[in-house]
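Working notes, structure below.
Please treat every number below as a calculation from the coordinates, not as lab data. Bear in mind that the values here come from a model prediction, so they are computed numbers and not experimental data. Here the Cβ is made from the backbone with ideal geometry for all residues, glycine too, and neighbour counts use every protein chain on show.
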Amino acid sequence: MGTNMLSSKCSSFSYFSARRIAVSIDVPKISTARLPNRSLVAELDYLHKYIPTTTTTHTKEDPYNSKINTNGSTTSGTSTPNSTEEVKLHLIMEVIADRIEMHKYIGAQRDNWNRLLMTSVNMITLSASAMVGLAAASPSGAAIVALKVSSTILYMAATGLILVLNKIQPSQLAEEQRNAARLFKQLHGELRTRLSLGNPSENDVEEAMEKVLALDGAYPLPLLGSMLEKFPRTVEPAVWWPRQKQMSRRKEELGGKLKGKNGWDARSEAEMRKIGMILRKKDMAEYLRLGKQVLNFNKVLAVSGPLLSGLAALGSCFLGSVSSSWPVMVGVIGGALASVVNTLEHGGQVGMVFEMYRANSGFFKLMEESIELNITEEDPHKRENGELFEIKVALQLGRSLSELRQFAAAVSSSHEERDFEEFASKLF
């Protein structure tokens, strides 16, 4: 009997223990936010503090990859010195990232200017033209005076807005900011690649700062004082890079273990010389020619728009004052033509097309200067690595290596290089 009582007590104890364990386990799960990666936190802390000291980077211990020292102990961390040049390049990269966002937002703002102001001017002009037509059909009295004054005010306001639009060319301003954002992003990638190669020098820091300042001067942010001339007398390529100096880079920077003449030979020098000549005489000259044509067309539109709206305002002023029908004709037709010209100039973004041609010619000018700088350098080890430079030129021109060599051979075999019809670039 005692045994039965003992077994019943044990079973009841185990039952209540199980319920207690079940109750303690059955708790609601609390969803916690995922903590950021420790490496990311360390990187952000490093970028914002800029402490030029030696830090130790501890890697996750791996029994298979851990190194065994001579005394038998294993090491699972590596010590990497953070040089002052690396810290400076990280600082410049943060400034460049800020520039990218600034140019991106300002470009979007100026694109909105172009669309909103063009639409507003067209609505004002068409409304004034309709008022002139209604005034001509209305009997003499207070109605014709009100329509006459209203249409004149609207035409004068439209003329002023068209003059401002033609002066600043918002579509061209937006294209400038887009180009600046793209070039700053390209420079940011170059610096990231330079840091990944390791051992940056003070020359790299100075070169990066010069490129940032050159881009700031080529694509200014403010409108007043430093805005680029929208109707220059002569069309020249856009220049967004500093004056290129003679290269004095170490062998390890671009070519790794360099052999011989740093990847250069007589064939590659001749090919690059021919390509540089075609870039200067064909590609760059063609885009300068197109840019000049677009600029002249834009000048005609910039003069025609306010002239037509001003004539329409003059016609509306004389509405009802003379017995002739010319005020009505000038007021209605002038307003309609002013809307067409304004739409063609700013809706067609003629200023943006001119800036695009100017930037393209600048791109070819930069390539031609880079080629000349390399092939005129007497010491081949101070040049960029020949094989890498050939790959870069081929990709920038939208060609493969075989296509680039065939193109250079075709240029060499032609009797008159000036009459060579093919362009070097296949991209644009």
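Numbers for the structure displayed
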quantity: Peptide ranges 139-149, 183-193 listed from the most packed, as the mean C-beta count within 10 angstrom indicates; calculated: 183-193, 139-149
quantity: Neighbourhood net charge (11 Å Cβ-Cβ; Lys/Arg +1, Asp/Glu -1) for Glu369; calculated: +1
quantity: Length released on extending from Leu395 to Gln244, taking residue separation times 0.36 nm less the Cα-Cα span; calculated: 52.2 nm
quantity: Computed lengthening from Asp98 to Lys426, 0.36 nm per intervening residue step minus Cα-Cα distance; calculated: 114.8 nm
quantity: Subset of Lys185/Lys274; Lys185/Lys365; Lys185/Lys392; Lys211/Lys274; Lys299/Lys365 violating a 22 Å alpha-carbon distance limit; calculated: Lys185/Lys274; Lys211/Lys274; Lys299/Lys365
quantity: Difference of contour (0.36 nm per residue) and Cα-Cα distance, Phe318 to Leu197; calculated: 36.1 nm
